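Only one structure is covered here, and it is reproduced in the block below.
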Amino acid sequence: MGNKKQLRQEFIKARKSLPEQEWQDKSRALCQWLNQYLKNSPALGNGGTILTYLHFRQEPNLDPLFNLRDYRWAIPRCVENDLSWHFWQSGDALVKGAFGIREPLASAPICAPDTVDLILVPAVACDRRGYRLGYGGGFYDRLFEQPQWREIPKVGIIFDFAFVSEVPADPWDVPLDGICTDWGWRLGIDN
């Protein structure tokens, strides 16, 4: 299975080695699966609030989803060791954060946990148990251990080659409720 650091490096390298067209095609396919789910979900079919991310290091690009105006989107901003969630829509101003990741302006409206219906979680890899290998900063681990975020459905977003039988999991890791890839749902939701 390898250790987290080694696995993280291997999967990030594999993702970064994708040719541009293949990355776009895989991202588009993943967005189609998510779009289908959103339209057919009893909880989200008529809209809702979704926490998401803006792609970085050739993560799956979810930008096409942000044109779905039935939903309210919120993206994270790193504030010291935590994530602050802000409402955002395509075209709103962005800045580069501490890690070089695009973030909303600090003045963007805050998104409170009690308004959130779904969290789309970036990952390096995920396993069939629902565990996620992240980037090692612990931002999502700290978020998910807070009671106000714990019960909100969480979906890992990865390319299918990063869906594996097992990733190392620590006692504090919170499993995801679903995993969506460019090949479809690998855990939960529609699986």
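Among all positions in segment 92-115, there is no residue which is closer than 18 Å to L34 by Cβ and not aromatic (F, W, Y). For the condition within 19 Å of P175 (Cβ to Cβ) and aromatic (F, W, Y), Y71 does not qualify. Hey, any hits in segment 75-90 for a residue that's in contact with a helix residue (DSSP H, G or I) (Cβ under 6 Å, 6 or more places away or on another chain) and open to solvent by less than 50 Å² (accessible area, probe 1.4 Å)? Yes.
Quick one: would you say R72 is open to solvent by 70 Å² or more (accessible area, probe 1.4 Å) and under 16 Å from the mean Cα position of the chain (by Cα)?
Yes: the conditions hold for R72.
Pairing each residue of segment 13-36 that is within 18 Å of I50 (Cα to Cα) and among the aromatic types (F, W, Y) with any residue that is open to solvent by less than 20 Å² (accessible area, probe 1.4 Å) and outside any helix (DSSP H, G or I), provided the two are 6+ apart or on different chains, yields C-beta distances under 8 Å for W33/C180; W33/T181; W33/D182; W33/G184.
Residues in segment 46-66 that are in contact with a helix residue (DSSP H, G or I) (Cβ under 6 Å, 6 or more places away or on another chain) and open to solvent by 10 Å² or more (accessible area, probe 1.4 Å): Q58, N61, P64.
Of the strands (runs of 3 or more DSSP E) lying entirely inside segment 125-190, those carrying at least 1 residues that are of a type outside the set (F, W, Y) and open to solvent by 20 Å² or more (accessible area, probe 1.4 Å) are 184-187. Evaluated against (1) more than 23 Å from E22 (Cα to Cα); (2) free of Cβ contacts under 8 Å to residues at least 60 places away in the same chain; (3) open to solvent by less than 60 Å² (accessible area, probe 1.4 Å), S107 falls short on exactly one condition, (3). Figure legend. Inter-residue proximity from segment 43-63: first residues without any contact (Cβ under 8 Å) to a residue 60 or more places away in the chain, second residues of a type in the set (F, W, Y) and open to solvent by 10 Å² or more (accessible area, probe 1.4 Å), beta-carbon distance below 7 Å, spacing 6+ or different chains. Indicated pairs: G47/Y71; Q58/W23.
Restricting segment 91-104 to residues that are open to solvent by 70 Å² or more (accessible area, probe 1.4 Å) and of a type outside the set (G, A, S) leaves a set whose member that is nearest to the chain's Cα centre (by Cα) is R102.
Does A43 count as within 28 Å of V167 (Cβ to Cβ) and surrounded by fewer than 18 Cβ atoms within 10 Å (Cβ to Cβ)? The answer is yes for A43. Checking V95, V121 one by one, the residue that is of a type in the set (V, I, T) and closer than 23 Å to W185 by Cα is V121 and no other. Just to be sure I understand the filter: pairs with C-beta atoms under 7 Å, separated by 6 or more residues or on different chains, first member in segment 170-191 and among the small types (G, A, S), second member open to solvent by less than 50 Å² (accessible area, probe 1.4 Å) and modelled with pLDDT under 90. Which pairs pass? Within 7 Å, the pairs are G178/L187; G178/G188. Each residue in segment 158-178 was checked for being in contact with a helix residue (DSSP H, G or I) (Cβ under 7 Å, 6 or more places away or on another chain) and closer than 18 Å to K26 by Cα, and 3 pass.
The values are calculated or read from the model by the stated rules, or taken from the named source; none is laboratory data. Predicted model only: the values in this text are computed from it and were never measured. We place every Cβ from the backbone using ideal geometry, glycine too, and count neighbours over all the protein chains shown. Surface areas here come from the heavy atoms of the whole protein model, side chains and all, with no ligands, DNA or RNA. Shrake-Rupley method; radii C 1.70, N 1.55, O 1.52, S 1.80 Å.
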